[in-house]
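Laboratory data are not the source of any read-out in this text; all were calculated from the coordinates shown. These figures come from a predicted structure and were not determined experimentally. Quick reminder, even Gly has a Cβ in these numbers, built from the backbone with ideal geometry, and neighbours come from all protein chains shown.
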C-alpha cells in the first residue's frame, strides 16, 4: 500500500543517505551544453558507457557542433554513433533536435534555452523522438534550469520504498518532487544523479539490498529514527 506523500524532511533524508554513501556525483558528464544535449538523445535505452563511445567518435571527428551535424549525411552520423545502439533511429532523432537548434535558433543554445521552463519544454517535446525524460535532462543538465528528471531508476526506488504505486506516470512522479522540494537546480541535479547511482549499484531489477544506503528506510523508520541520518 502506498504511503502518504513523503515530506521534505523524509526526501532529504533519503538524499543525505545517498550523498553520504556516493558523494557528490558531478553529473552530467559533458564538456559543453551541446554535448549534454547530444548525450541526452543517445542515452535512450542504452548504458552510458556505450554513449561515451559514441560521443568520443563525434569528438574525434570534431563533429560536436550543431552546424557540422546539420550538414552531415545520415549514414555518416549513424555510423559514428553506432556504439550507442539503435543508431539509425537515434541518428534521425538527433538530426530532429539539431534541426530545431539550427533552423529555429541559428545554432545558438542560449537562444533555445532563454524561454521559461514550460516554453522550453514544449519546444523540446515538439521534436520527434524527444520524450519527457530526454527533454527534462536537457533542461536540467544543459540549460541549468530546475526541473526534476524521472527515469526507470526513480520509479523503481520510489516504488520499492512504498512512495508511489505501480503504474504511477511520469508527471505524477515528477510532481512529487516539485511539490515537496523547492526548485533548486543543483539539488535536483545531484538528487537525480544519486538515484541513478543507487539504481545502478543496488536497486537493480533484482535488488541487492545488502549494503544499500537506503536499506534502513525499508523498515518504515522516520528520518529522525534512522541512525546517522538527519533530515533538513
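Taking the C-alpha atoms only, the angle from helix 185-201 to the longest principal axis of the chain is near 80 degrees.
Using the alpha-carbon atoms, what tilt in degrees (0 to 90, nearest 10) does helix 87-99 show relative to the longest principal axis of the chain? With both axes taken from Cα atoms, the answer is about 80 degrees. Averaging the Cα positions of each part gives two centres, and for segment 1-53 and segment 145-216 these lie 9 Å apart.
In terms of packing, defined here as the mean over residues of other Cβ atoms within 10 angstrom, the peptides 152-161, 188-197, 99-108 line up highest first as 188-197, 152-161, 99-108. The translational diffusion coefficient of segment 108-161, from Stokes-Einstein at 25 °C and 0.890 mPa s with a Kirkwood hydrodynamic radius over alpha carbon pairs, comes to 207 µm²/s. Computed over the chain, the per-residue total of -39500 (n - 2.57) for DSSP H runs of n ≥ 4 gives a 222 nm mean residue ellipticity of -15000 deg cm²/dmol, rounded to 500. The peptide list 12-20, 36-44, put in order of mean Cβ contacts within 10 Å with the highest first, becomes 36-44, 12-20. For the Cα atoms of the chain, what angle does the longest principal axis make with the long axis of helix 48-60, in degrees from 0 to 90, nearest 10? Long axis of 48-60 versus the principal axis of the chain: about 30 degrees.
The P(r) of the chain has a tail past 23 Å containing 50 percent of all C-alpha pairs.
Distances between every pair of Cα atoms in segment 68-110, grouped in 5 Å steps from 0 to the bin holding the largest one, split as 5, 25, 30, 19, 13, 7 percent. All C-alpha to C-alpha distances of segment 42-169, sorted into 10 Å bins beginning at zero, yield P(r) values of 12, 37, 35, 12, 3 percent in whole numbers. Here the relative contact order of the chain, from alpha carbon pairs under 8 Å that lie six or more residues apart, stands at 29 percent.
The percentage of C-alpha pairs in segment 33-114 whose separation is greater than 14 Å is 57%.
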